[in-house]
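Written out below as structure tokens is the structure these notes cover.
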Amino acid sequence: MKVRIVVLGAAPPGLAAAVLASLPSPLVAAAMERRKTPEATCYSRRRGQLDALCVLDNLPAPAEGEVVAAVTAIDLFAPPLAYVFGLSVLGSRRSVVSWARLAVEDGKDPGLLIRRLTTEVVHEVGHGLGLVHCPVPDCAMHRSFWAEAVDLKRPVYCRLCQEGLEKL
């Protein structure tokens, strides 16, 4: 499955390209594009966050055989949750991930940010392709509630999730 990364707003140089280059099989890097963040319609000034569902609604439609994965620096929420690392509607082939809560303190380890962001992009793309959360602790599809828990996962699908993708 081809993955198109859509960078919403500004991003550190090379971040999106590094994520694309790190995608595991069966995901294939397709393209990268930049777009303005849909702040006018999706930004909550009261919360200081983007509504992740609204962002998904504003993403371009994926082409045949493609998944669109947006990445942003702005923190995300999805009611009733106070924040989410990312969001995807199951089977929609559209995802959004924020690195706001994945960033390493003071940017001391950019490699860790790339790994965390890649893991969460792989996770949300999996949902976009129809995968649900996985009980295998180091699978990208395992649930994470804080950035350090993302570090316990690998940016790949376990055998069970890989087989699930083949059946979709």
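The values are calculated or read from the model by the stated rules, or taken from the named source; none is laboratory data. Fair warning: this is a prediction, and the values are worked out from it, not measured in the lab. Positions of Cβ are backbone-derived with ideal geometry, glycine not excepted, and every protein chain shown enters the neighbour counts.
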From VAL136, VAL104, VAL150, grab the single residue that is over 15 Å from LEU23 (Cα atoms) and without any contact (Cβ under 8 Å) to a residue 24 or more places away in the chain. VAL104
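Listed residues VAL28, VAL3; which is under 19 Å from GLY126 (Cα atoms) and buried (at least 16 other Cβ atoms within 10 Å of the Cβ)?
It is VAL3.
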Out of everything in region 123-157 that is over 21 Å from ARG93 (Cβ atoms) and in contact with a Cys (Cβ under 8 Å, 6 or more places away or on another chain), what residue ends up being surrounded by the fewest Cβ atoms within 10 Å (Cβ to Cβ)? ASP138
The correct count of residues that are at pLDDT 95 or above, under 20 Å from VAL68 (Cα atoms) and surrounded by 15 or more Cβ atoms within 10 Å (Cβ to Cβ) in region 38-50 is 2
Looking at PRO80 and the list (1) closer than 19 Å to ALA29 by Cα; (2) free of Cβ contacts under 8 Å to residues at least 12 places away in the same chain, which single condition is not satisfied? (1)
So the check is Cβ under 8 Å with 6+ separation or different chains; which pairs have a first residue in region 64-76 that's on the phi > 0 side of the Ramachandran plot and a second one that's modelled with pLDDT under 95? GLY65/MET1
Take region 129-148 and flag every residue that is part of a loop (DSSP other than H, G, I, E, B) and closer than 22 Å to ALA103 by Cα. PRO137, ASP138, CYS139, ALA140, MET141, HIS142, ARG143, SER144, PHE145, TRP146
Mind checking whether some residue in region 114-123 is in a loop (DSSP other than H, G, I, E, B), modelled with pLDDT of 95 or more and within 13 Å of the chain's Cα centre (by Cα)? no
Subset of region 149-168, residues aliphatic (A, V, I, L, M) and in a helix (DSSP H, G or I), comes to ALA149, VAL150, LEU160, LEU165
Residue check, VAL97 under 18 Å from ALA17 (Cα atoms), in contact with a helix residue (DSSP H, G or I) (Cβ under 7 Å, 6 or more places away or on another chain) and either surrounded by 15 or more Cβ atoms within 10 Å (Cβ to Cβ) or of a type in the set (A, V, I, L, M) (or both): yes
Is there a residue being touching a Pro at 6+ places or on another chain (Cβ under 8 Å) and either farther than 20 Å from SER22 by Cβ or buried (at least 20 other Cβ atoms within 10 Å of the Cβ) (or both) anywhere in region 77-88? no
